[in-house]
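Chemist: This is the structure, below, for whatever I ask next.
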Amino acid sequence: METLLRDVRYALAMMRRNKGFAAAALATLALGIGATAAVFSVVYGVLLRPLPYPDAARLVRLSEEHPGAISPLPQPMLSNLTYHAWSASPRTIDGLAAYRSQEQVVSLPGGSVRLMASAVTPSLFGLLGESAAIGRMFRADEDKPGNDGLALLSDRAWRQYFSGDPAVVGRGYVIDGKPYIIVGVMRSGFYFPDRTTQLWTPTSVLDPLPDAVEGGRGRVTVVNALARLKPGVTPEQAEAEGTAAARTMVQPMAANLLFGVGGPPVVHARAVVSEMTSRVRPALLVLAAGVLCVLLIACANVANLFLSRGVARQREVTVRAAIGASRGRLVRQLMTESLVFSIVGGGLGLLLSSALVRLAPLLASRSFPRLDDIVVDGPTIAFTAVAALVTTLIAGLAPALRSARVDLVESLRGGDGATADGFRGRASAHLRDGLLIAEAAFAVLLLVAATLLARSFVRLTHVDPGYSADHVLIAEVMLPRRASPDGDASASNVVSAIVERARSTPGVIAAGAGNMVPLDKSTMLSAFPSPWTPAGAERKPARSVTYIVTTGYAESLGLRVKKGRLFTDADLATGIDSWIVNEEFARQYLPADPIGYQWETSGATPSDNRTNVVVGIVANVLKNGNDSAPQAETYHPFPVPRNQTQLSGRFQVAVRTAGDPSALAPVLRDIVRTAAPDAAVETVALTKRLAESVDEPRFAMTVLVTFAALALALASVGLYGVLSYSVSQRRRELGVRAALGASRRDLIALVLRGGLAVTAIGLTLGIVAAAVLTRLMQAALFGVTPLDPVSFIAAPLMLLPVAFAACWLPAARAASVDPADALRNE
C-alpha cells in the first residue's frame, strides 16, 4: 500500500509538472467519458431501468393484429372480443386488465381544470401490486353502470389541486359533467400508464353482443391491455394462448374497421418497457453506438498522448531501470499514473454528464417516454467509473509496456533509440499510425451516420402534410358531458357561437371548428358500403377517417383543393349530404371523375335514407405526422344530419391569423369561456405542434451530429499532435534533406503525404464499416436509404479538409527547418 501511495504522489507531481500534457489528456478523457456517461443515463433510464412496480419484468402489454391488414389505430391495441375470450380461463397469465386514457374536465371551486385521466378495470391495480396511500382502491364490482362514479387521485394531483387535504377522500366532485366521489389517493411516486396521468376512474371492457359472436355487426371496441405472466411462462407461450383465444371469436365487420381486412388475428405479448419505448429504441441504439465511437477516438488520442509523453520521459525511465527498477516495477508506475488519470478524468466526465443530462428535457420532446427516469444515479456513476478505468488503462497499456523495453546503453548515451524497442522505434510509429487510422475510421463512420440522420430529418420536415401550419392557432375545447336531453344541441350552439365570434375578431382571416385537426390525439373512424364499385367487381366496405367540420375549417387550415370546391352555408340547406373527400379516398372508392357523383345510403328506416354527393377533393392530410401513411378521409359539414355524430364534448377551433397567432391566444380563450364558462380550453400554434411532432428525430439528429463534430475535432487534434511530434523527431532528417536541395514545397509535401495517407486509409476503412453498419439504422431513417450516396460522399468531403488543415501546420513547421541549426543541434 505504501508503494502504491508513493506512486500516486509521484503521478500527481508529474501532472503538476507537465500541465499542458495533463490538461490535454484530461480534457480528452472528460469529453469522451462525459458524453458516454450521459448517453448511458438516457439509454438506461429509458430502455433498461425497471418500472416501479413489484416484479415488473413479468408485466406485458397485449395487442393483436390481422396479418396483411393496414390498421388505422395509432398504437397496438386489443379487441374486447379477444379480451373476454382469453380472460374466461387463462393458463399462462395471472389475469388481464384494460385501460383507456383521455383528458377530462374536473370542476373545482376555482374553475375547471383539464386532467389526463385513465379509465381502468378494477383489476389493474391488483395486477400492478399497488394499494392506495389514503382511502381505498376500486372493488371488483365497481365497473358496472351505477357503481362507477368513483375516482382515484395521483399524489401530485392531490397536492396541486386539493392542497394535500386528506379529507378530500369521500367528497364528491363533478368530472365531465358527472358526479364522482374520490375514494383514494395513490402513493407518491406511483404512475400509470405514464407520469402525465393524474386521475383514474373505473370502467368495464364491453362484452361483445351475441351477433358479434355470430359474425354480425356486433359491438367491437379496442383497449390498452395488460397482463402479468405466471412464473416461468414466456411471452411466446402467452402469445400462443392469446392467439388461440382470439381465433375462437368470429370477427364482425367492425373488427375490420379497426384492424383492417387481413388474416386471422395474432396476439402479441411484449414487455411493458419494450412496448413503451419501441418508438425511440432505434434512435437511442444509434446514439449509443455513436458515443462508443467517440469514446474509442478519445481513447486513441490519449494513447497517442501517452506515447508522445513517453519519448520525453525515456531518459527518466532508463535511469530508473539502470538503478535497479524491474520491468514490472516500471509498468506498475506508469499504470498507476494511468489510474490517477482515470480517477480525475472520470470525475470531470461525471460532472460533464450531469450537465448534459440536465439538458436532455430541453432537447427531447414532451412525449419522449420515461424522460423523468433519466437521472445520474448509482448505475451511471458505476458505469462512469468502469468506463474511465477501462479507457485510461487501455490507453496507457501500450506505452507502459513499451517503456520497459528501452535500450539502456543507447538511451543513456543520448542516441535516438531507433531500435525495435522504446518509444521511437518503427513499431511505435506503426502503433501511432494505427491509432490515427482508427480515429479517422470512427470519425468517418460517425459522419456518415450523422449525415444520414440529418438528411432523414430534412426529408421529414419537407413532406407536404396537406395543410399550411403557418399563422394558424388551434384551441382545444372540452365541455363537460351534458346529462340533459338537449346536450348535443347545447354543444352545437356553443360551437357556432365560438366560430362566429372568432371570425369577427380583428386580425382573423378565417375560422372554423371540427372534431379533429392535424396532429390531434383523437381519431374518428367510419365504415360503410363503398360508394362506387368497378363494373364486375364485388362491392367492398369502405373505411375512412371522418371529419365533422364547420364552414371555414378548410380555409383556416389551408387544405389543398384538388378538384371541386369547399363547403358553403348552402350545403346545409339542401336535402343532399355534401361530401369532401381526400385523394386517397377518391382513389380507393370513387370513379375517375367523382365531382358531382351521387349515391344512396340506407338508414334504419326509409326516412333515414340519404342521398350523398361529392363536392370536392382535397389533398391527403397526414394527420398523425409527416411520417404517417395517407389514409382515406371524408369531410362532412356541421351540423350533420340527425342520427349522425355531432360536435359535442370535445372539439377543435382553428383560426388563421394575419400576424402572430400566439398574440390572439388570450382573445380566443376569452371567446371560448364567454360561450361556455365551464369549458376547459388550451391554445397552441399549429407550427409549434408540428415542430413537436418531429422532436424525437430532431433530438437524435442533434446529438449524433454533435458527436460527429466532436469526433472530427478529436481526430484532427490527434492527427495534428502526432504529425507535430513526428516533425520534431525528424528534425535532423529534414535538415539533411534541405541541405541536399529539398525545396520548401518538397518538405511540405513529405509531411502532408504521411498525414493524408494515414487519413485516407482510415477514411476507406470507415466507409466500408459504414456500408455494413448503417443498415442497422433503417428503423431510424425516413426517406433515405442506409446506403444513401450523398451521405457517403459528404462524409469524406467533411473529413479531408479538416485533416488537411491538421497536417498543414506541422508541414509548414517542417519546411522552416534551418539545415545548419538542425545538424548542429543533433
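The values are calculated or read from the model by the stated rules, or taken from the named source; none is laboratory data. The model shown is predicted, which means the values in this text are computed figures rather than measured ones. Quick reminder, even Gly has a Cβ in these numbers, built from the backbone with ideal geometry, and neighbours come from all protein chains shown. With ligands, DNA and RNA removed, areas are computed over all heavy atoms of the protein, side chains included. Shrake-Rupley method; radii C 1.70, N 1.55, O 1.52, S 1.80 Å.
Chemist: Round to a whole angstrom and tell me the spacing of the C-alpha centers of the stretch 509-566 and the stretch 148-188.
Modeler: 39 Å
Chemist: Quick check for you: with a 1.4 Å probe and neighbouring chains kept, what is the accessible area per residue of the chain, in Å²?
Modeler: 44 Å²
Chemist: Let me ask another. In nanometres, what is the gap between the two model label sites at Ala244 and Leu393, each 7 Å from Cα along Cα-to-Cβ?
Modeler: According to this spin-label approximation, the distance is 5.1 nm.
Chemist: If one takes the longest principal axis of the Cα atoms in the chain, at what angle in degrees, from 0 to 90 and to the nearest 10, does the Cα axis of helix 378-403 lie?
Modeler: So the inclination is approximately 30 degrees.
Chemist: Hey, which of these cross-link pairs are over 25 Å Cα-Cα: Lys563/Lys623; Lys144/Lys230; Lys623/Lys688; Lys230/Lys521; Lys562/Lys623; Lys521/Lys688?
Modeler: Pairs exceeding 25 Å: Lys144/Lys230; Lys230/Lys521.
Chemist: Same structure, new question: Farthest toward the dipole's positive end in the stretch 621-709, which of Ala675, Thr657, Val621, given Cβ charges of +1 (Lys, Arg) and -1 (Asp, Glu) about the Cα centre?
Modeler: Selected residue: Ala675.
Chemist: Right, something else. Cα gyration tensor of the stretch 19-74, axes a ≥ b ≥ c as square roots of the eigenvalues: rounded (a/c below 1.5), prolate (a/b > b/c) or oblate?
Modeler: Oblate shape, in that a/c is at least 1.5 and b/c is the bigger or equal ratio.
Chemist: Additional query: With all protein chains present, how much of the accessible area of the chain (probe radius 1.4 Å) comes from carbon and sulfur, to the nearest whole percent?
Modeler: 60 percent
Chemist: Can you check what the net charge comes to around Ser544, using other residues whose Cβ is under 11 Å from the Cβ of Ser544 (Lys, Arg +1; Asp, Glu -1)?
Modeler: Its environment carries a net charge of -1.
Chemist: Note down the magnitude of the dipole of the chain about its Cα centre, charges +1 on Lys and Arg C-beta and -1 on Asp and Glu C-beta and zero elsewhere, to the nearest 20 debye.
Modeler: 3140 debye
Chemist: Follow-up. Which value results for Rg/Rh of the stretch 469-587 when Rg is the Cα radius of gyration and Rh the Kirkwood radius based on the inverse mean 1/r?
Modeler: 1.00
Chemist: Another question about this same structure. Give the residue from Ser118, Ala69, Phe190 lying farthest towards the positive end of the charge dipole for the chain; charges sit on Cβ (+1 for Lys and Arg, -1 for Asp and Glu) and the dipole is referred to the Cα centre.
Modeler: Positive-end residue among those listed: Phe190.
Chemist: While we're looking at this one, here's another question. What does the charge count near Glu64 come to, summing +1 for each Lys or Arg and -1 for each Asp or Glu among other residues with Cβ under 11 Å from its Cβ?
Modeler: -1
Chemist: On a 0 to 90 degree scale, rounded to 10, what angle separates helix 789-815 from the longest Cα axis of the chain?
Modeler: With rounding to tens, the tilt is 30 degrees.
Chemist: Also: Taking the Cβ of Ala244 as the centre, find all other residues whose Cβ is under 14 Å away and add up their charges (Lys, Arg: +1; Asp, Glu: -1).
Modeler: Result for the local shell: -2.
Chemist: Specify which labelled value, from (i) 1.07; (ii) 1.69; (iii) 1.22, agrees with Cα Rg over 2.2 N^0.38 Å derived from the coordinates of the model shown.
Modeler: Correct label, based on the coordinates given: (iii).
Chemist: Return one number: the angle in degrees, 0 to 90 and rounded to the nearest 10, between the long axis of the Cα atoms of helix 2-17 and the longest principal axis of the Cα atoms of the chain.
Modeler: 90 degrees
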